[in-house]
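The values are calculated or read from the model by the stated rules, or taken from the named source; none is laboratory data. Note that this is a predicted model, so its numbers are computed, not measured. Please note: Cβ atoms are built from the backbone with ideal geometry, for glycine as well, and neighbour counts cover all protein chains shown.
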Amino acid sequence: VLHVLDVSPPAAPPYPVLAGDDAAAAIVSRWDARWRLAVVIGDETTSPRFGAPIAAALEAAGTPALCLAFPAGEGHKTRASKEALEDAMLAAGVDRQCCVVAVGGGVPLDVAGYVAATYLRGVPHLNVATTLLAQVDAAIGGKTGVNTPAGKNLIGALHHPRAVLLDMAALAMLPATELKNGLAESVKHAVLADAAHFADLEAWARAREGLRPADAVIARSVAIKAAVVAADDRDGGRRDILNYGHTVAHAVEHATQHAIAHGHAVAIGMVVEARVAAAAGTFPEADLARLIALLTALELPTAPPCPFEAVEPYLARDKKAERGAIRCAIPRCIGDTPAEPDGRYTRVVQPEALRSAWR
Ligand SMILES: NC(=O)c1ccc[n+]([C@@H]2O[C@H](COP(=O)([O-])OP(=O)(O)OC[C@H]3O[C@@H](n4cnc5c(N)ncnc54)[C@H](O)[C@@H]3O)[C@@H](O)[C@H]2O)c1
């Protein structure tokens with residue numbers, strides 16, 4: 001197992017991010033003897049494929065394991081899924097001497113993490129990330145939660161995992177669409193905070209044979225996310241920069257009823273939001289062209305899939321919106337996202353500016 005780095009949140013104990021091909025062995029070797037029971041939670045794809053071997057290895061090493069699963073997909077990242085998991089844990093008599101092992105992409109990690117955050121007022125959890133998106137983003141930083149019909153991630157808690165394991169073997173089974181979803185977040189990290197990472201992604205995209213990035217590219221993206229979270233793990237501060245592209249992305253996902261996958265929507269959102277800034281003279285046109293070229297080379301979309309009128313109602317319902325004003329986090333150029341003049345990391349964007357960037 002490779003030790004990638006430690007995440008050091010401002011108000012929670014530091015935790016390691018590990019990467020390896022044998023997730024079960026890695027979990028067993030890091031198991032804390034105080035955790036008498038493992039509650040292994042995945043979706044109906046990741047639970048049998050990646051959760052069951054972990055549970056079996058833990059049991060072989062003397063720790064009983066309860067395996068729970070809920071249906072896969074963003075549509076099941078709900079309070080109903082959380083409740084069903086909790087009821088199963090209560091029925092099984094799970095007490096505080098347990099550890100939740102969340103296994104899968106961002107959906108099961110967010111749901112299982114939220115279960116861990118509130119079960120008996122909080123039990124520890126580990127994140128085993130099996131999608132690229134979860135590896136470079138969702139597994140790190142402690143945000144957990146569920147969607148409601150009113151919007152994405154509106155209910156949740158900040159609850160950092162005790163450790164994060166990047167299951168590198170799982171990536172071999174990941175469909176191309178899911179790889180692209182993760183690549184979009186990796187591009188986002190580069191645009192936000194690391195021009196050298198952006199150049200590396202450009203070089204890799206030119207020479208690539210498939211869509212699975214090199215391990216070093218994944219590690220760099222993990223490091224960027226970990227650095228942002230270490231500075232500030234709550235919304236409203238510098239962590240807000242991670243929302244670049246997401247004001248538009250969430251509205252696109254809503255308007256298309258999730259026909260556009262999250263990372264694809266983020267790609268579109270990054271282009272539209274950068275174009276808004278370019279029109280305002282706060283983002284270089286040349287960087288906008290590089291961004292579009294890189295996303296295109298990664299087979300990601302760069303143009304909105306629907307008319308502006310379709311997303312407009314959702315933009316002001318974003319979590320960052322204040323008193324109906326749309327807010328976006330937008331870098332100043334590739335690699336740098338300083339605070340806005342008022343010290344915040346999001347700015348008000350007029351609907352008209354978004355409308356004219358919508359082409
Ligand atoms: N907590 C955070 O900080 C954070 C950050 C970014 C995104 N997210 C959340 O993450 C979610 C998206 O995550 P995602 O893209 O990983 O989606 P996901 O968890 O739904 O996974 C996508 C699909 O891939 C399947 N899958 C998972 N691993 C696989 C593998 N190795 N091989 C084959 N199939 C596999 C899943 O069953 C699912 O059908 C969103 O809900 C988003 O809000 C959270």
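Please go through the range 224-237 and pick out each residue that is surrounded by fewer than 19 Cβ atoms within 10 Å (Cβ to Cβ) and farther than 11 Å from Lys320 by Cβ.
Ala227, Ala230, Ala231, Asp232, Arg234, Gly237
Looking at Gly122 and the list (1) buried (at least 21 other Cβ atoms within 10 Å of the Cβ); (2) in contact with a His (Cβ under 9 Å, 6 or more places away or on another chain), which single condition is not satisfied?
Exception for Gly122: condition (1).
Of Gly245, Gly269, which residue is crowded, with 23+ Cβ neighbours inside 10 Å, closer than 30 Å to Pro14 by Cβ and modelled with pLDDT of 95 or more?
Gly245
Specify the residue that is nearest to Ala11 (Cα to Cα); the eligible residues are those in the range 159-174 that are more than 10 Å from the ligand (Cβ to nearest atom) and assigned to a strand (DSSP E or B).
Checked the range 159-174; the qualifying residue nearest to Ala11 (Cα to Cα) is Ala163.
Part of a helix (DSSP H, G or I) and surrounded by 15 or more Cβ atoms within 10 Å (Cβ to Cβ), is that true of Val111?
Details: part of a helix (DSSP H, G or I): yes; surrounded by 15 or more Cβ atoms within 10 Å (Cβ to Cβ): yes.
Judged against the criteria, Val111 is a match.
So, of the residues in the range 115-142 that are part of a strand (DSSP E or B) and free of Cβ contacts under 8 Å to residues at least 60 places away in the same chain, which turns out to be farthest from the chain's Cα centre (by Cα)?
My answer is His125.
Hey, can you tell me all the residues within the range 198-226 that are of a type outside the set (Gly, Ala, Ser), in a helix (DSSP H, G or I) and touching a residue at least 60 places away in the same chain (Cβ under 8 Å)?
Within the range 198-226, Phe198, Leu201, Glu202, Arg206, Asp215, Ile218, Val222, Lys225 meet the criteria.
Being of a type in the set (A, V, I, L, M), within 16 Å of the chain's Cα centre (by Cα) and closer than 30 Å to Ala80 by Cα is the requirement here; does Ala112 meet it?
Spelling it out, Ala112 is indeed of a type in the set (A, V, I, L, M), within 16 Å of the chain's Cα centre (by Cα) and closer than 30 Å to Ala80 by Cα.
When the residues of the range 181-201 are filtered to those that are surrounded by fewer than 24 Cβ atoms within 10 Å (Cβ to Cβ) and in contact with a helix residue (DSSP H, G or I) (Cβ under 8 Å, 6 or more places away or on another chain), which remaining residue is nearest to Ile292 (Cα to Cα)?
If we filter the range 181-201 for residues that are surrounded by fewer than 24 Cβ atoms within 10 Å (Cβ to Cβ), which is where we start, we get 193-200.
In the following step, the residues that additionally are in contact with a helix residue (DSSP H, G or I) (Cβ under 8 Å, 6 or more places away or on another chain) were identified as 193-194, 197-198, 200.
Numbers: Ala193: 18, Asp194: 17, His197: 16, Phe198: 12, Asp200: 16 Å.
Top of the filtered list is Phe198.
Of the residues that make up the range 90-102, is at least one modelled with pLDDT of 95 or more and farther than 15 Å from Tyr119 by Cα?
no
Among (1) in contact with a Leu (Cβ under 9 Å, 6 or more places away or on another chain); (2) at negative phi; (3) not in a loop (DSSP other than H, G, I, E, B), which single condition is Arg96 missing?
Of the numbered conditions (1) in contact with a Leu (Cβ under 9 Å, 6 or more places away or on another chain); (2) at negative phi; (3) not in a loop (DSSP other than H, G, I, E, B), the odd one out for Arg96 is (3).
Quick test for you: out of Leu158, Leu133, pick the one residue that is at pLDDT 95 or above and either of a type in the set (Ser, Thr, Tyr) or buried (at least 24 other Cβ atoms within 10 Å of the Cβ) (or both).
On the way: Leu158 fails: either of a type in the set (Ser, Thr, Tyr) or buried (at least 24 other Cβ atoms within 10 Å of the Cβ) (or both).
After ruling out the rest, the residue left standing is Leu133.
Here is a list: Glu178, Glu253. Which entry is within 11 Å of the ligand (Cβ to nearest atom) and surrounded by 22 or more Cβ atoms within 10 Å (Cβ to Cβ)?
Details: Glu178 fails: surrounded by 22 or more Cβ atoms within 10 Å (Cβ to Cβ).
Exactly one residue qualifies, and that residue is Glu253.
Within the range 10-67, can you find the residues that are farther than 25 Å from Met173 by Cα, among the hydroxyl-bearing types (Ser, Thr, Tyr) and within 21 Å of the chain's Cα centre (by Cα)?
Scanning the range 10-67 gives a single hit, Tyr15.
Looking only at residues in the range 46-71 that are assigned to a loop (DSSP other than H, G, I, E, B) and surrounded by fewer than 18 Cβ atoms within 10 Å (Cβ to Cβ), which one is farthest from the ligand (Cβ to nearest atom)?
Taking the range 46-71 first, the residues assigned to a loop (DSSP other than H, G, I, E, B) are 61-64, 71.
Those still in the list that are surrounded by fewer than 18 Cβ atoms within 10 Å (Cβ to Cβ) too: 61-62, 64, 71.
Numbers: Ala61: 24, Gly62: 28, Pro64: 25, Pro71: 9 Å.
Out of the qualifying residues, it is Gly62.
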